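Only one structure is covered here, and it is reproduced in the block below.
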Amino acid sequence: MAKIHSEVTELPASCKSAAEHMAAELAGEDAYADLSEECIGKLKRLEAEIGKEIGEPVALVACRLS
């Protein structure tokens with residue numbers, strides 16, 4: 001099963017199961033976007049910004065839409 005990891009947030013167990021299921025489905029489709037280090041940094045900063053604004057951790061995923 002795919003390992004879900006964010007350096008900004010730590011997911012609760014209930015979210016990890018759903019995230020791992022989604023990751024497994026997406027891995028089968030090879031749908032993850034191939035991001036540069038700069039883009040990964042932008043996602044991490046946005047995770048932190050959104051998490052701070054709503055008062056709880058979030059994890060963002062980048063997938064190809066084609």
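The values are calculated or read from the model by the stated rules, or taken from the named source; none is laboratory data. Please read all numbers here as calculations on a predicted model, not as lab measurements. For neighbour counting, all protein chains shown are included, and Cβ atoms are generated from backbone atoms with ideal geometry for every residue, glycine included. SASA here: full protein model, heavy atoms, side chains in, ligands and nucleic acids out. Shrake-Rupley method; radii C 1.70, N 1.55, O 1.52, S 1.80 Å.
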Where a residue in the range 11-28 is more than 19 Å from residue 47 (Cα to Cα) and its partner, wherever it lies, is at pLDDT 75 or above and open to solvent by 60 Å² or more (accessible area, probe 1.4 Å), with Cβ under 8 Å and at least six apart
26/61
Name the pairs whose Cβ atoms lie under 8 Å apart, with the first residue in the range 46-66 and closer than 20 Å to residue 14 by Cα, the second assigned to a helix (DSSP H, G or I) and among the basic types (Lys, Arg), and 6 or more positions between them or separate chains?
none
Of the residues 59, 33, only one is touching a helix residue (DSSP H, G or I) at 6+ places or on another chain (Cβ under 9 Å), open to solvent by less than 100 Å² (accessible area, probe 1.4 Å) and at pLDDT 90 or above; which?
59
